[in-house]
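Below is one structure, written out as structure tokens, with a few remarks after it.
The values are calculated or read from the model by the stated rules, or taken from the named source; none is laboratory data. All values reported here derive from a predicted model rather than from experimental measurement. Glycine also receives a Cβ, built like all others from the backbone with ideal geometry; neighbour counts cover every protein chain displayed.
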Amino acid sequence: MADAYDKPVAVEAVPVEGVCAGGMETTDVPVAIGAPLTQTMERVLGPLDAVSVQQTPRGCVQECLGCTAQSEYLIYPGLKEDGGENAPQIAHMIEHSNCALRVFCSLCGSAMVRPFSMPITVPDKDGEELVKFSKDWSMPVCCIVRTQDFDAAFPCCCCLPALVTTTPDGTKVGETKYVCDECPFVPKFHVFDADGRQQYLIRPDTCMGGACINCSMGGRGSRFFYVPFIIRDPETQEPLPGGAGAKGSPAQITKVWSGLQKECCTTADNFFVIFPANVTTVTKANLLGSTILVDFTQFEDND
């Protein structure tokens, strides 16, 4: 009987620091991943500088009854407003969690605290598993204190949400953590590689000395209201450049307007993800996990 260690293994180098706007050199950390999985990741994510992550409006009846349905996402290549004949689906993600826990968390008023796992399968829900995201129990990012006159939000600074990225065999390849600092009302995320070294800082642009989010529209003629979470160098906090297909835009995770019907009648969200330039497919997969954590912590409880 062949030993498990006899299987062919491909070693993919994961950049620790990324490629910063100032041209800083990267340090590569080898991560051993099975050759077939590496080939699949390269085929699906390798050619892409950006993807569209679209949440589906699942469980409308469940939502009306007060139960949070499983979150499901479809992934399309490029910055597409919606899927269609010209934008073939390349991957699928669906939450695996306990229904009773979802009901409990919904009644408590915070969906983000629940534990779940979420595999990425290609090209659809019945396809091959690429990576899996896992989240444990956590505190919400803010606790809401309701009074007769107003609701007050107090940031939590411990046991905050985190999402781990693993291969199907359980090998850790990255992690994203929500962080709390001296400006607690500006959401921030630290992205780590397989060895726990920080690769990126993700946060929106700010104003008022970094204390507030600087919200903006998408520019003249834009149909979308953008909430950009910029992917930054962790040391300088400068935005990292996006890949060649990003047309000069910085690397970012951006929630975009989903259309009047979807925004008003469902809790589903759409995101554009622009990857930093010159990153590996493992890093791209890990940043898809960052997108899920951004959605759960910033938008799930606010829809």
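Descriptive notes on the structure:
- Test: residue in segment 178-192 that is in a loop (DSSP other than H, G, I, E, B), over 30 Å from Ile33 (Cα atoms), in contact with a helix residue (DSSP H, G or I) (Cβ under 8 Å, 6 or more places away or on another chain) and at pLDDT 90 or above: yes
- Taking (1) modelled with pLDDT under 95; (2) under 19 Å from the mean Cα position of the chain (by Cα) in turn, Cys60 satisfies each apart from (2).
Okay, residues lined up against (1) of a type outside the set (Phe, Trp, Tyr); (2) within 19 Å of Gly174 (Cα to Cα); (3) at pLDDT 95 or above:
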site: Ala251; (1), (2), (3): yes, yes, yes
site: Thr267; (1), (2), (3): yes, no, no
site: Phe272; (1), (2), (3): no, no, no
site: Phe275; (1), (2), (3): no, yes, yes
site: Leu287; (1), (2), (3): yes, yes, yes
site: Phe299; (1), (2), (3): no, no, no
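- Hey, Gly210 more than 17 Å from the chain's Cα centre (by Cα) and at pLDDT below 95 or not: yes
- Unique match (being at pLDDT below 95 and either buried (at least 19 other Cβ atoms within 10 Å of the Cβ) or over 30 Å from Val282 (Cβ atoms) (or both)) among Val164, Val145, Val173: Val145
- Considering segment 98-142, and only residues there that are aliphatic (A, V, I, L, M) and part of a strand (DSSP E or B), the residue that is farthest from Leu37 (Cα to Cα) turns out to be Met118.
- Residue ID - modelled with the highest pLDDT, chosen from residues in segment 214-242 that are under 24 Å from Gln55 (Cα atoms) and of a type in the set (Gly, Ala, Ser): Gly242
- Positions within segment 143-171 being more than 20 Å from the chain's Cα centre (by Cα), assigned to a strand (DSSP E or B) and not small (Gly, Ala, Ser), in sequence order: Cys143, Ile144, Val145, Arg146, Asp151, Phe154, Pro155
- Single unsatisfied condition, Gln198 versus (1) at pLDDT 95 or above; (2) more than 15 Å from the chain's Cα centre (by Cα); (3) of a type in the set (S, T, N, Q); (4) over 25 Å from Ala277 (Cα atoms): (4)
- The requirement of being out of contact with any Phe, Trp or Tyr (no Cβ under 6 Å at 6 or more places or on another chain), under 21 Å from Glu72 (Cβ atoms), modelled with pLDDT of 85 or more and among the small types (Gly, Ala, Ser) is satisfied by Ser134.
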